[in-house]
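*Asks:* Below you'll find the structure I mean.
The values are calculated or read from the model by the stated rules, or taken from the named source; none is laboratory data. What you see is a predicted model; the values in this text were computed from it and never measured. All Cβ positions, even for glycine, are placed from backbone atoms using ideal geometry, and neighbour counts span all protein chains on display. Areas reflect the complete protein model, heavy atoms only, side chains present, ligands, DNA and RNA absent. Shrake-Rupley method; radii C 1.70, N 1.55, O 1.52, S 1.80 Å.
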Amino acid sequence: MYTIFGSRFKNPKNTSKNYPAVPFMRFFNLPPTHPGTNSSTTSATTLSEAKGPKSKQSSAFTGASSIGIAVDIVTRLSYFWKKPSSMKKTVVSKSNDAIYAKLLVKLTQEFGDDLLGLFAYGSRIYGNAGPHSDMDVDVLIKSPRTCRRNIVIDGLEVEIFIHPPSHICHNIKNDTTGIILRCYAFGRIIYDPQNIIPPLQHLAKIRWDQGPPPIEAKDAWQPRYEIADLLRDLEDIDYTSNESTAHFLLVKLIERLVRIQERICHRWPEKLKRCFEDWESWDPYGGHLGKTALNSNVKWSDRLCCAHELAVHVLGPIGGIMPTEWSLDWEEIPSKHEAPIIPKIEVFITS
């Protein structure tokens with residue numbers, strides 16, 4: 001259920017004949033298109049910071065359709081689906097589309113004219129959903145308020161974030177983890193009659209392509225020292241008598257190393273359950289060392305050697321593992337940091 005402005009439904013019995021997608025557009029409050037109209041209609045956005053493509057917009061139907069039209073649209077989706085070439089990695093199913101349609105009907109009933117749009121993202125959009133993956137959606141509203149809720153539709157958990165476009169724009173601009181940027185750079189528009197979402201996607205894609213900020217030289221001591229400290233803690237643990245703590249520290253060490261490696265290589269963090277698969281795709285040596293270090297079938301001493309070798313490999317570009325003796329340059333304390341006032345504490349002793 002893309003917001004397709006130029007596509008027409010195909011007659012399943014006669015593929016040579018095209019029909020304008022008017023019912024589909026009416027349900028999603030989109031302008032019906034006809035041959036010769038611009039297929040990339042986007043209106044000007046109120047978010048001046050997020051500039052998107054501009055073009056003339058056709059007249060749109062107002063208000064969402066009735067539930068009857070929604071059900072009719074769902075039954076037609078198996079015939080009418082056409083995936084844009086720019087989103088070839090997006091994987092959706094008829095059942096997912098049916099849930100989006102039902103969700104949109106619920107939201108229209110609840111919010112009415114306050115509803116601005118519906119945007120989907122997550123593993124069910126990216127094509128790597130597991131058996132227990134939920135459905136993630138952003139609901140755009142006019143009101144300056146925000147809410148988060150979980151509901152279940154047809155047995156599937158739907159995680160809903162409700163907020164106005166200005167709040168989403170703020171989150172995109174200030175995202176330091178890449179989580180929100182990934183959502184809007186690779187998500188899918190479900191409902192957007194006023195073309196508010198494309199500029200948000202455009203802004204997110206720009207920030208995503210820029211990557212996370214590099215580790216500055218003055219801050220490189222922090223990951224170097226953190227890893228050195230974890231390695232010393234691991235060496236202090238007797239694996240035979242405290243196996244659980246040893247495993248806990250090793251997992252913590254490898255997790256920190258992959259996050260540091262992602263930052264050094266200018267990559268946004270990947271979700272933990274897909275971290276190793278992704279790691280091996282762009283750093284086969286580091287990914288192999290990490291997997292070996294966490295393999296319980298390998299001798300503990302060999303696992304520690306792999307962990308140490310991985311630390312050397314990852315931290316090499318920023319100076320390596322921090323030695324035992326080290327120091328930082330002096331820094332002036334800003335004048336605004338005044339000496340704290342220590343309150344007087346009176347101790348009352350009662351007999």
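*Asks:* Scan segment 100-130 for residues that are surrounded by fewer than 21 Cβ atoms within 10 Å (Cβ to Cβ), closer than 13 Å to ARG188 by Cβ and free of Cβ contacts under 8 Å to residues at least 60 places away in the same chain and jot them down.
*Replies:* Answer for segment 100-130, where residues must be surrounded by fewer than 21 Cβ atoms within 10 Å (Cβ to Cβ), closer than 13 Å to ARG188 by Cβ and free of Cβ contacts under 8 Å to residues at least 60 places away in the same chain: SER123, GLY127.
*Asks:* Would you pick out the residues in segment 230-242 that are open to solvent by less than 70 Å² (accessible area, probe 1.4 Å), assigned to a helix (DSSP H, G or I) and not acidic (Asp, Glu)?
*Replies:* As a first pass, look at segment 230-242 and keep what is open to solvent by less than 70 Å² (accessible area, probe 1.4 Å): 230-231, 233-234, 237, 239, 242.
From the residues that got through so far, the ones that are assigned to a helix (DSSP H, G or I) too are 230-231, 233-234.
Within segment 230-242, LEU230, LEU231, LEU234 qualify.
*Asks:* Are there any pairs with C-beta distances below 6 angstrom linking a residue in segment 198-220 that is open to solvent by 40 Å² or more (accessible area, probe 1.4 Å) to a residue that is assigned to a loop (DSSP other than H, G, I, E, B), with the two at least 6 apart or on different chains, and if so which?
*Replies:* Short answer, once both residue conditions are applied: HIS202/GLY52.
*Asks:* Would you mind listing the helices (runs of 4 or more DSSP H) fully within segment 243-294 where at least 1 residues are in contact (Cβ under 8 Å) with a residue 40 or more places away in the chain and hydrophobic (A, V, I, L, M, F, W, C)?
*Replies:* On the way: elements: 243-264, 275-282, 284-293.
By residue number, 243-264, 284-293.
*Asks:* Here is a further query. On the basis of being part of a strand (DSSP E or B), at pLDDT 95 or above and open to solvent by less than 20 Å² (accessible area, probe 1.4 Å), does ILE227 make the cut? I'd like the intermediate steps shown before the answer.
*Replies:* Details: part of a strand (DSSP E or B): no; at pLDDT 95 or above: yes; open to solvent by less than 20 Å² (accessible area, probe 1.4 Å): yes.
No; evaluated as a whole, the condition is false for this residue.
*Asks:* Now a separate question. Restricting attention to segment 131-173, which residues are without any contact (Cβ under 8 Å) to a residue 24 or more places away in the chain, of a type outside the set (Val, Ile, Thr) and not in a strand (DSSP E or B)?
*Replies:* Once the filter is applied, which keeps residues that are without any contact (Cβ under 8 Å) to a residue 24 or more places away in the chain, of a type outside the set (Val, Ile, Thr) and not in a strand (DSSP E or B), segment 131-173 yields PRO131, HIS132, SER133, PRO144, ARG145, GLY155, HIS167, HIS170, ASN171.
*Asks:* Also, quick follow-up: If you go through segment 137-165, how many residues are open to solvent by 70 Å² or more (accessible area, probe 1.4 Å) and of a type in the set (Asp, Glu)?
*Replies:* As a first pass, look at segment 137-165 and keep what is open to solvent by 70 Å² or more (accessible area, probe 1.4 Å): 142, 144-146, 148-150, 152, 154-155, 157.
Among the residues that remain, those that are also of a type in the set (Asp, Glu) are: 154, 157.
Matching residues across segment 137-165 total 2.
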